[in-house]
1. Could you say whether any residue in the stretch 22-31 is under 13 Å from the mean Cα position of the chain (by Cα) and at pLDDT 95 or above?
2. Taking the stretch 113-139 on its own, how many of its residues are hydrophobic (A, V, I, L, M, F, W, C), surrounded by 12 or more Cβ atoms within 10 Å (Cβ to Cβ) and not in a strand (DSSP E or B)?
3. In the stretch 14-41, what count of residues is obtained for those that are in a loop (DSSP other than H, G, I, E, B) and among the β-branched types (Val, Ile, Thr)?
4. Could you run through the stretch 63-80 and say how many residues are in contact with a helix residue (DSSP H, G or I) (Cβ under 6 Å, 6 or more places away or on another chain), within 17 Å of LEU36 (Cβ to Cβ) and charged (D, E, K, R)?
5. Return the residue satisfying two criteria in turn: it lies in the stretch 80-127 and is in contact with a His (Cβ under 7 Å, 6 or more places away or on another chain) and modelled with pLDDT of 55 or more, and of such residues it is nearest to VAL15 (Cα to Cα).
6. Restricting to the stretch 27-41, count the residues that are under 21 Å from GLY111 (Cα atoms) and either touching a residue at least 40 places away in the same chain (Cβ under 8 Å) or among the aromatic types (Phe, Trp, Tyr) (or both).
Amino acid sequence: MATVELRFSALPEHVRTARLVAAAVARRAGVDEAVLDEVRLAVGEACSRAVGLHESHDITEPVRVLLIEDEKKFSIEVGDGVSDSGTAGARGGGETEGAAESDAEGEDEMGLAVISGLVDDVEVTAGKDGGLIRMTWPTTTAVVVP
């Protein structure tokens, strides 16, 4: 199993770089060429969501992206630093205060809906160490790690 880790400052201009790196690693891992655009779009949505969460919660730590090559699958994990307790309102666990928070929650839900439409195997979790979106695609060739 080979893993590439990418960390970037939570700035929108770095999302494009994450998309390009993810597509390159996915291609090398053996993800079908016809699916690479979906990989790019899904990673872009997940990274944009993480950047937005970092900005709205004043988190200074970087967004973390793991690109994991396994024998028969390729996974991407996009992590944010927003702990489970910091997202209670976005997950329906509390009252929202004002239109700005409501708009942010709507954008968050829309981003997750887009990701779910692009990726057949997606898992969204939140815990004390932050949120995580894990997306997985099958590979068509065996991974050869030098």
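1. Checked against the condition, which is being under 13 Å from the mean Cα position of the chain (by Cα) and at pLDDT 95 or above, the stretch 22-31 yields at least one hit.
2. Keep residues of the stretch 113-139 that are hydrophobic (A, V, I, L, M, F, W, C), which gives 113-115, 118-119, 122, 124, 126, 132-133, 135, 137.
Now restrict to residues that are surrounded by 12 or more Cβ atoms within 10 Å (Cβ to Cβ): 114-115, 118-119, 122, 124, 126, 132-133, 135, 137.
Now narrow it down to the ones that are not in a strand (DSSP E or B): 114-115, 118-119.
Number of matching residues: 4.
3. Pass one, the stretch 14-41, residues in a loop (DSSP other than H, G, I, E, B): 30-32.
Checking which are among the β-branched types (Val, Ile, Thr) leaves us with 31.
So the count comes out to 1.
4. Adding up the residues that qualify gives 1.
5. Taking the stretch 80-127 first, the residues in contact with a His (Cβ under 7 Å, 6 or more places away or on another chain) are 80-82, 86.
Subsequent filtering for residues that are modelled with pLDDT of 55 or more retains 80-82.
Working: ASP80: 13, GLY81: 16, VAL82: 18 Å.
Ranking the candidates gives ASP80 first.
6. Final tally of qualifying residues: 4.
Residue-by-condition table, conditions (1) at pLDDT 95 or above; (2) crowded, with 20+ Cβ neighbours inside 10 Å:
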position: VAL39; (1), (2): yes, yes
position: ALA46; (1), (2): yes, yes
position: GLY52; (1), (2): no, no
position: GLU55; (1), (2): no, no
position: ASP58; (1), (2): no, no
position: GLU77; (1), (2): yes, no
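The values are calculated or read from the model by the stated rules, or taken from the named source; none is laboratory data. Small disclaimer: the values here were computed from a predicted structure and weren't measured. Neighbour counts run over all protein chains shown; Cβ positions are idealised from the backbone, glycine included.
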